[in-house]
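The structure appears below as structure tokens.
Nothing in this text is a laboratory measurement; each read-out follows from the coordinates by a stated rule. All values reported here derive from a predicted model rather than from experimental measurement. No Cβ is skipped: glycine too gets one built from the backbone with ideal geometry, and neighbour counts run over all protein chains shown.
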Amino acid sequence: MSKLSITIDGRTFVVEAPPLRRMTSAITVRVDGQTVNVLAPDMGSPELLDWLIVDGRPYELVVDPNLRWMRSRFGLHQIEVRDLEATVARPASGDGRIKAPIPGLITRVLVSPGEAVELGQPLLVLEAMKMENEIRAPRSGRVAQIHVAPGQSVTLGVVVAEVE
Amino acid sequence: MFRTILVANRGEIAVRIIRTCRDMGIRTVALYDDSDLSSLHVRLADESVRLSSGALYHDAAALVQIARDCGADAIHPGYGFLAEHAEFARACEEAGIVFIGPSSTALEKVCDKIATLEAVRAVGIAVPRHSSRAYHASEWDALRDAAERHGYPLMLKSYSGGRSQGMHLVREPTQLESMAQHAHSAALTAFGDDRLYLEEAFLPARYLEVQIVGDRHGNLVHLGERDGTIQHNHRKMVEESPAPYLTDAQRKELWRQALAIGRLLGCAGACTVEFVLDAQGRFFFTEVKARIQVEHPITEMRTGIDLVRTQIQVAAGEPLGFSQDDVTLRGCAIQVRVNAEDPWNHYLPSPGRLRRFRFPGGPGLRVDTYAYSGCDVPVRYDPLLAKVVAWDDTRAGALGRLRRAVADFAISGVQTNLSLIQRILNDPEFAAGTYDSEFAQRPLPGVEVPPEHLRNLAIAAALAYIRRGIDSSGVLPDRAGSGWHRDSRKLPQ
């Protein structure tokens, strides 16, 4: 399950969703504690997300590759996606890959490859929207790789570090 | 009638012209360059000729040669490029090829905008105060002095070329120098002529035009007026017919003046007579466009007349085939221009490959475009991707159809101004039909999404994010600098 904080046109929802498959699939997501059925259509196309049916209602979408906006029949929506599991310590079953929770600028790298880290230990600092965000270790272990350097811009969801 | 017509244009207007030619059983020759090979006009023509390296759509000599080589007996120039180019019209005449438009001498006359203003004023029709000549970029001192004498606000207008891109409002003297520099270079880029002239600006104003059609047998009729007041980034975005704010008396007077001007200037084929309406409801004639206009479909929707067919018939020497009494102006039509650009980020052009392009349909709706899924939007040309036109008996009905059509237009792969159009169409002042040229200065209403839809769209965003993790992020185009900004909820300038 992924746990995401989605802010759309100024309103924030916490969405928990299972992994997606490429084929058409009916899935169940949880939004602010409510259960919602979603039909996610075939993902054979190279698009991010073309359309889907949420709670019986179809939506056609054009989604910004950087996930900063999305167009629906209502118009353009400003969105902000935060991967709550990227900043919060993950359970030990996580794969140890750490993704940028929001697009921004890496300002500091606090650890080096090979270094032993504790669960929740700050690894990197990502500056976005005038705020510094600490990216913490999802588990205890050893830093396998750091994929970024200070001064580097990252887009949402890019793998910035790995802990094994 | 002509056997073969060379369509000396590209994009949606080339497609538009080819369709009518094929309806009439006339063979068509299309042109393309390497960047717009995938455009629809190249596929629909009977013959498609590649512009050899260096030659462009506005290369008059190359086009006449192509027309000769492919056996064309007429050339349709569309709009822009060579549509109002007297030397090109003359070159066609000399080569024995019919230019579908005015004669080279008539074109010279209407393209001399200052002489036209003076000729029209001489017959008692009001024109705006204007400079007595046009100025090159090198004549800054003379332009500044003329502006000083003229007074503010004023309009800097390109001597060649159109109303929207060729028109710059200068509200106060401090803006003049930078606006003039910009306008000179914009005019040079767009129309190949950097000359500017000054015209009285009316604030607020409304921009009106009357479609007239005439033949070479003395017939001249009008097909009603169009409003083109709503402009953004110096381009018309929304056009409609009839102009919703006119009284019947004003409308009749406008038509009468347009026909008088058309007769005075000897207009044949399809011409547009442009006016500006001031806050007191007075009209001033500004210029004549002796070509098909981008917004011609709204007139076609109301009259049922195919203006391109009329142009071709008149150019072939045929009479109009209808009189003023035969023309019925039915209902209301509204057109929007869908551009490949980002209105929320300085109107940055957005070329690229269309991943998805599905346009709306339904009763009373028309879409003119060169695009389809998989087609490339070229970097080199203007960003007009499609025109969406809605018609109905009432303005409210047409607006409802257009709002629905714009919401359903599915385009991905490039950025578009669809979301800006939606907000204009939802604006109460637009809905009331009371807007004027200050419309663009005011903020537009925000998007109001019912809460359950907002929740569902949040789920969609979450799944888009998760799905993004499935695909390698490397394959996604990184369109840096594109998109919606936190601080750009106000209307773009």
Report the percentage of all Cα-Cα pairs in chain A whose separation exceeds 29 Å, rounded to a whole percent.
25 percent
Quick one: what does P(r) look like for the protein assembly as shown with 20 Å bins over all Cα pairs, in whole %?
17, 45, 27, 10, 1
Residue-ordered couplings for region B:88-103, obtained by feeding phi - 60° into the Karplus form 6.51 cos²θ - 1.76 cosθ + 1.60 and rounding to whole Hz (Gly and Pro as x), are 5, 4, 5, 4, 5, 4, 5, 7, x, 10, 7, 8, 7, x, x, 5
Rough spin-label spacing in nm, given labels placed 7 Å along Cα→Cβ, for B:Glu318 and B:Leu37:
3.7 nm
Which whole-number percent of Cα pairs in region B:194-237 have a distance greater than 15 Å?
65 percent
Order of B:Lys157, B:Lys252 - criterion: other Cβ atoms within 10 Å of each residue's Cβ, fewest first
B:Lys252, B:Lys157
Roughly speaking, what is the stretch gain from A:Met1 to A:Gln152, that is 0.36 nm per residue apart minus the C-alpha to C-alpha distance, in nm to one decimal?
51.4 nm
Compute the semi-axes of the equivalent ellipsoid of region B:206-441, taking the square root of 5 times each eigenvalue of the Cα gyration tensor, and list them largest first in whole Å.
30, 21, 17
Ranked A:Ile106, B:Ile261, criterion: other C-beta atoms within 10 Å, fewest first:
A:Ile106, B:Ile261
Calculated FRET efficiency, B:Arg263 and B:Ser373, Cβ-Cβ r, R0 45 Å, to nearest 0.05?
0.40
Give the long-range amide H neighbours of B:His232: residues separated by 5 or more places, or on another chain, with amide H under 5 Å away, using H modelled in the peptide plane at 1.01 Å from N.
B:Met237
A:Asp32 to B:Tyr152: FRET efficiency via 1/(1 + (r/R0)^6), r the Cβ-Cβ distance, R0 45 Å, to the nearest 0.05?
0.20
Quick one: Karplus J couplings for region B:448-455, per residue in order, coefficients 6.51, -1.76, 1.60, θ = phi - 60°, nearest Hz, x for Gly and Pro?
10, 10, x, x, 5, 6, 4, 4
Have a look at the DSSP beta bridges in the protein assembly as shown and tell me what percent are antiparallel, nearest 5.
90 percent
Give the distance, in whole Å, between the Cα centre of region B:25-61 and the Cα centre of region B:203-249.
31 Å
With R₀ set to 41 angstrom, the calculated FRET efficiency between the beta-carbons of B:Glu93 and B:Ser185, to the nearest 0.05, is 0.80
Would you calculate the convex hull of the Cα atoms in region B:238-330 and tell me its volume per residue in Å³?
113 Å³
Which Cys residues of the protein assembly as shown have no other Cys Cβ less than 4.7 Å away and so no disulfide-compatible partner by this rule?
B:Cys21, B:Cys70, B:Cys92, B:Cys111, B:Cys332, B:Cys375
Let me know the Rg and Dmax you get for chain B when you use only its Cα atoms, in Å.
22.7, 72
Taking each pair of distinct Cα atoms in region B:129-200 once, what is the resulting Kirkwood hydrodynamic radius in Å?
11.6 Å
Taking Cα pairs closer than 8 Å and at least 6 residues apart, the relative contact order of chain B in percent is 13 percent
Distance (nanometres) between label positions extended 7 Å along Cα→Cβ at A:Ser25 and B:Glu118:
7.7 nm
Modelled label-to-label distance, B:Met24 and B:Arg353, 7 Å Cα→beta-carbon offset: nm?
3.8 nm
Cα-Cα over 25 Å, subset of B:Lys113/B:Lys236; B:Lys252/B:Lys289; B:Lys109/B:Lys387; B:Lys157/B:Lys236
B:Lys109/B:Lys387
HN-Hα couplings for region A:144-149 via Karplus (6.51, -1.76, 1.60; θ = phi - 60°), in whole Hz with x for Gly/Pro, come out as 7, 8, 10, 9, 10, 9
Using only DSSP helix segments of four residues or longer, with each worth -39500 (n - 2.57), what per-residue ellipticity at 222 nm results for chain B after dividing by its residue count and rounding to 500?
-10000 deg cm²/dmol
What 222 nm value per residue comes from the helices of chain A, counting each DSSP H run with n ≥ 4 as -39,500 (n - 2.57) and dividing by all residues, nearest 500 deg cm²/dmol?
-500 deg cm²/dmol
Relative packing of peptides B:13-25, B:371-383 - highest average C-beta neighbours within 10 Å first:
B:13-25, B:371-383
Count charges around A:Pro113 for me, please; just the other residues with Cβ under 15 Å from its Cβ, Lys/Arg as +1, Asp/Glu as -1.
-1
